[in-house]
Amino acid sequence: MEQHSAMEQRSTARLSAEQVDQLAAALGWLEPVTVPELRDLDGQLLVSDGRPAPEYDRLMRSFSEQRAVILVQRVDAQGHEQNTTIRLSPHGMLWHELQNDGAVLLRGAAGGTLYPVLIDGLGLGPRPAPARGVVPAEISKNLMMRAVDFSQGPDSPAAARREAAAAVRGQAAQIADSLVAGRADVVVLAAEWDDGAGGAQARLMGLDTPDGMLLHSVERRFLGEKHLLEPAPAWVFWHMAVGSLPGAEDIARWTGPA
């Protein structure tokens, strides 16, 4: 990774959620700088007058010069969320870890750490393999979004999961039973990055149960689109997740000469 200071670089900082939101202002994303100084929860100076403190230079530049943002989310049937935000930059990667006390730990590392962090965030593991030749089940357009929207209480997400169970019962009865019983997490991967041509986006969603996974897909049609749920091995979801990330050519452009 590129280094901007001879001083030993610190790779972690502990912040409140409010301080994470203030980072953009502190680093000069907003004009004028509206947060002249930012210290972490341990009192360490991170940013002053829009410039990173020397020992936090690389960590802060990984935030301020980000080229990609990846959100990984798991939401269970009670609305409990596990969120991981990953930022990629010419200086490596930075990700947020929510601590038990509500603090957010920022970690910086080389880009090769991306896959282990993704694996932890997605929480995928061995699942029973689906039967061969299973036909995808059609679902309503907004079902997956309703399954994670607890803003109005638990009734709508529970109804969405029951709707999903009814749709796939003929193809995967055990997965349907897990959905009805509340033994299912919605898994989301969303990414945005600089592709050199105006920006790129990707989104992947699925339902993960102890009895197998359901992969969400959208079939484009001339007069609209068709939303589908299909039983799939966990490795297929992982394969599609990797395919939804910035490619080697993007990373080479970010890290190459200006």
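The values are calculated or read from the model by the stated rules, or taken from the named source; none is laboratory data. None of the values given here were measured: they were computed from a predicted structure. Methodologically, a virtual Cβ is constructed for each residue, glycine included, from the backbone with ideal geometry; neighbour enumeration extends over all protein chains shown. What goes into the accessible areas is simple: the full protein's heavy atoms, side chains included, and nothing from ligands, DNA or RNA. Shrake-Rupley method; radii C 1.70, N 1.55, O 1.52, S 1.80 Å.
The combined condition, being in the same structural domain as GLY206 (by TED's automatic domain parsing), more than 26 Å from the chain's Cα centre (by Cα) and without any contact (Cβ under 8 Å) to a residue 24 or more places away in the chain, is fulfilled by ARG169. Counting only residues that are in contact (Cβ under 8 Å) with a residue 40 or more places away in the chain, out of contact with any Lys or Arg (no Cβ under 8 Å at 6 or more places or on another chain) and open to solvent by 40 Å² or more (accessible area, probe 1.4 Å), region 65-101 holds 3 of them. Pairing residues of region 44-55 that are assigned to a helix (DSSP H, G or I) with residues that are open to solvent by less than 50 Å² (accessible area, probe 1.4 Å) and at pLDDT below 95, at Cβ distances under 7 Å and at least 6 apart in sequence or on separate chains, gives PRO54/SER5; GLU55/GLN9.
Of all residues in region 164-191, those that are acidic (Asp, Glu) and surrounded by fewer than 16 Cβ atoms within 10 Å (Cβ to Cβ) total 1.
ARG58 meets all of the listed conditions (1) free of Cβ contacts under 8 Å to residues at least 40 places away in the same chain; (2) over 21 Å from the mean Cα position of the chain (by Cα); (3) crowded, with 20+ Cβ neighbours inside 10 Å but one, namely (1).
Against the definition (over 23 Å from VAL72 (Cα atoms), open to solvent by 20 Å² or more (accessible area, probe 1.4 Å), among the aliphatic types (A, V, I, L, M) and in contact (Cβ under 8 Å) with a residue 12 or more places away in the chain), how does ALA131 come out, yes or no?
yes
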